[in-house]
1. Assign unit charges at the C-beta atoms only (+1 for Lys and Arg, -1 for Asp and Glu), then state the dipole size of region 3-86 relative to its Cα centre in Debye, rounded to the nearest 20.
2. Bin width 20 Å, origin at 0, all Cα-Cα pairs of the chain: what percent of pairs per bin?
3. Indicate the gyration tensor shape class of region 217-298 (rounded, prolate or oblate), computed on the Cα atoms with a ≥ b ≥ c the square roots of the eigenvalues: a/c under 1.5 is rounded; otherwise a/b larger than b/c is prolate and the rest oblate.
4. Which far-off residues, 5 or more places away or on another chain, put their amide H under 5 Å from the one on LEU47, with H placed in the peptide plane?
5. Relative contact order (percent) for the chain, with alpha-carbon contacts under 8 angstrom and 6 or more residues of separation?
6. Where is the GNM fluctuation largest for the chain (alpha-carbon springs, 10 angstrom cutoff): ILE208, ILE221, ILE241?
7. Compute the helix-to-body angle for 106-116: its Cα long axis versus the longest principal axis of the chain, expressed 0 to 90° and rounded to tens.
8. Classify region 165-268 as rounded, prolate or oblate from the Cα gyration tensor: take a ≥ b ≥ c as the square roots of its eigenvalues, call it rounded if a/c is under 1.5, otherwise prolate when a/b beats b/c and oblate if not.
Amino acid sequence: MDLRHLRYFQAVAEELSFSKAARRLRIAQPALSRAVQELEQDLGARLLDRNRRTVSLTPVGTVLLGETAVVLERLDESLRRVKRTAAGEEGELRLGYIGPPTQRFLGRLLAEYRQRFPKVSVHLEERTPERVWEMVAKGRLSVALTRPVPGHGERALSTLLLRQEPLGIVVRMDHPLAEKKSIAWKALSQEPLIVLARREGVGLHDEILAACRAAGFAPRISQSPSLMGTVLTYVEAGSGIGIATDSVAASSMPPRLRYIPVTPEHSVPLVMVWNPDELSPSVKAFRDLLGEWLKHGKLWSGE
């Protein structure tokens, strides 16, 4: 017995006619008759009473017709789910990200992703760059939006550069530097600087130190908090000058603060990272959508 036998029987039982069922199935009537006979032999029971004029269901045939409908309906739905999963329309997306650099676009991006693939289950994990890389490498995250982390599996993981984010300073509106359109790194040599802790953002922290060294001074770091929001709070409280990327100014900076570019320009990359062995269609669909947005400038346009 195979599914073909059940489908053939179902057609005859619903039409109560071998000729009509054969036309419905687009097969020869003798082949249909043989299939029903084979099914009856396998079950050891008569399913249909037939003569030259009529076909009717036996009690056993009535039971089988009901069960066949359930089985075939479940099979068809399963096959549809498989096809939807293969097309990225079902499944799971476990997305890691870092906060301020993605705040400008992540909500909009996920809204469109959910609109296109409403049956995909989306799970979000906001973590430090180091933790995000580790979770992708171990398969706990499908894909992530983060900064490169030296020594954290760059060779094993795939990346796509989303943007080089320039560094600048954040000051209060009443700070003497607040009226400047830009400022040189060397002008910060005597200023108390507030920098995100290295354990929370090694790439950002190290690039700030490199910029200061290139300008010929060692920075006076007055505070090194674990969250960018805390950096801004220290600045607002008058504790010093914050160092941040321009994405912070565009997304989460309080109105009493001002972002000023620093020259010469130093930047830190924002990347999408994933394991090339991750073959889930739902994950590929997310990567394709983000690539589409990147190509058409939608990540940063706010549209």
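1. Once rounded to the nearest 20, the dipole reads 460 debye.
2. Result returned by the calculation: 27, 33, 18, 14, 7, 0.
3. prolate
4. none
5. About 21 percent, as a whole number.
6. Of ILE208, ILE221, ILE241, the most mobile in the Gaussian network model is ILE221.
7. 10
8. Since a/c stays below 1.5, the shape of region 165-268 is classed as rounded.
Readers should treat all values here as calculations from the given coordinates under stated rules, not as data from a laboratory. Values in this document were obtained by computation on a predicted structure and should not be read as measured data. Methodologically, a virtual Cβ is constructed for each residue, glycine included, from the backbone with ideal geometry; neighbour enumeration extends over all protein chains shown.
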